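As structure tokens, the structure follows; a few thoughts come after it.
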Amino acid sequence: MPVANSRLAGFHKLTVAERRAAVAEAASLSEGDVAALAREGELPLAVADRMIENVIGTYSLPVGVATNFVIDGRHYLIPFVLEEASVVAAASNMAKRCLKKGGFTSECDAPVMIGQIEVRGCAHPREAADAVVAARDDVGKRCDAAMPSMVARGGGFRGLEARVVDGPGGPLVVCHLLVDCRDAMGANLVNTLAEALSDYVASLCGAGARAGLRILSNLATERLARVSATFTPGELAATPDEGATVVDAILEAFDFARADPWRARTTVCTNNKGVMNAISSVAVATGQDWRAIEAGAHAYVGYGTSYGPMTAWSKNDDGDLVGSITVPMAVGLVGGACKVHPAAKANLNILGVDKAVDLAKVMAAAGLAQNLAALKALATEGIQRGHMALHARSRGDQA
């Protein structure tokens with residue numbers, strides 16, 4: 001379960017041990033979870049040796065906890081794992097500034113992943129694509145028969161699409177299996193299904209057709225996380241009037257990317273890197289495939305005619321700043337590192353999530369908060385003031 005209250009007064013002033021004890025009490029962590037977080041080098045070599053190949057050691061990064069997050073009316077303490085100073089503090093600060101309007105709200109898709117099957121050598125590609133779609137029911141039965149345990153958990157086959165793509169060597173038929181993976185990220189399951197069904201799908205495409213690539217897509221367009229929040233001017237500055245100026249400055253900073261085509265690319269890229277500072281950090285903390293999440297997020301905002309921002313900012317009729325984010329979020333709570341890495345398990349217990357969609361909304365909310373922190377800093381005092389103060393602290397104030 002999420003914590004009862006994410007507002008931990010004076011949290012940043014405590015010692016590491018005191019902060020760990022406060023989080024343990026708030027999240028009702030077990031002694032094992034606390035021990036995993038307290039150990040310097042929390043990943044045993046025996047476990048590390050099972051996770052990847054050619055292991056020679058482990059590499060530690062700090063685990064920080066972002067406070068003040070209220071999402072859909074529930075409080076969350078959010079673990080971050082990264083090396084960059086100021087990110088955790090900035091996200092916590094911005095999360096506190098939307099509480100007057102109830103914090104963050106979310107709307108997440110069902111956890112549906114896409115498995116792609118490429119079919120080559122189709123004499124009549126359009127007719128072949130139509131034949132695949134016409135066999136939807138039979139393909140669905142074959143899919144579900146191959147994953148009875150997933151079907152028992154409420155997941156399974158959800159759809160079938162086929163399209164014709166003009167490739168350098170001629171037209172291809174590309175088929176998409178849509179699979180509800182429930183609380184799994186789904187890569188292994190979907191890859192297995194795509195490989196198992198590829199020959200059958202190719203047989204639907206006529207004589208001479210053969211299966212090509214069969215693999216999950218990390219562009220998880222069927223598994224989007226949407227989060228929004230409203231920030232009043234009074235929460236963004238010392239006074240409402242000053243806050244109104246800050247709102248306008250933030251919107252100008254956000255609009256800056258549209259002023260020049262070349263600048264748009266570089267500014268949006270930097271904007272999105274800030275979003276992923278938070279999302280990737282939570283992904284690492286909770287044992288997710290952060291490379292897939294990062295790749296999918298960038299691909300999604302580049303899907304179409306141009307590369308765009310992951311977030312959107314506007315002003316409502318009351319003068320409040322309204323922010324939103326929509327990103328693919330292929331995350332899981334079963335399988336992978338989240339089930340074997342002691343600190344990942346402890347961090348998930350800090351979050352208190354028991355569904356993959358809940359983890360998805362938490363990560364998206366963290367990304368939105370971090371993005372606002374960067375925009376606000378850029379639009380007011382500059383990005384370096386707060387960042388460099390914490391950076392100096394991380395270096396022990398050494399010149």
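Worth a mention:
- Across the chain, Cα pairs under 8 Å and at least six residues apart give a relative contact order of 22 percent.
- Distance between the range 285-320 and the range 174-229 - C-alpha centres, whole angstrom: 23
- Selected from Leu348, Leu251, Leu77 as most flexible by GNM, with the chain as the system and alpha-carbon contacts under 10 Å: Leu251
- Nonlocal amide H pairs with Gly308, under 5 Å, H built at 1.01 Å: Gly302
- Expressed as a whole percent, the accessible surface of the range 112-217 that belongs to carbon and sulfur atoms is 52, based on a 1.4 Å probe.
- Length released on extending from Ala238 to Glu83, taking residue separation times 0.36 nm less the Cα-Cα span: 52.7 nm
- Net lengthening on full extension, Thr305/Ala110 (0.36 nm per residue, minus Cα-Cα): 67.5 nm
- Label-to-label distance, nm, for residues given as Thr192 and Lys141 (7 Å Cα→Cβ offset): 2.2
- Distance between modelled label sites at Arg158 and Lys273, nm, 7 Å Cα→Cβ extension: 3.3
- More than 20 angstrom apart: percent of Cα pairs within the range 112-217: 32
- Residues of the range 112-217: accessible area per residue with a 1.4 Å probe, Å²: 47
- The range 112-217: relative contact order as a whole-number percent, Cα under 8 Å and 6+ apart: 47
- Helical contribution to [θ] at 222 nm, DSSP H n ≥ 4, -39,500 (n - 2.57), averaged over the chain, rounded to 500: -14500 deg cm²/dmol
- Candidate membrane-span-like segments in the chain, meaning DSSP H helices with Cα atoms spread over at least 20 Å of their own axis and a Kyte-Doolittle mean of 0.0 or above, are 187-203, 240-255, 261-285, 356-379, with no membrane implied.
- GNM result for the chain, Cα springs below 10 Å: residue of Ala343, Ala295, Ala27 fluctuating most strongly: Ala295
- Put a dot 7 Å past the Cα of Ala17, heading toward its Cβ, do the same for Thr221, and the two dots end up 5.4 nm apart.
- Comparing Cα centroids, the range 20-56 and the range 144-163 end up 34 angstrom apart.
- Centre separation in Å (Cα based) which lies between the range 85-119 and the range 328-384: 7
- GNM flexibility winner over the chain from Met185, Met276, Met51 (Cα, springs under 10 Å): Met51
The values are calculated or read from the model by the stated rules, or taken from the named source; none is laboratory data. Since the model is a prediction, treat every value here as computed from it, not as a measurement. All Cβ positions, glycine included, derive from the backbone under ideal geometry; neighbour counts span all protein chains shown. Ligands, DNA and RNA are excluded from the accessible area calculation, which covers all protein heavy atoms including side chains. Shrake-Rupley method; radii C 1.70, N 1.55, O 1.52, S 1.80 Å.
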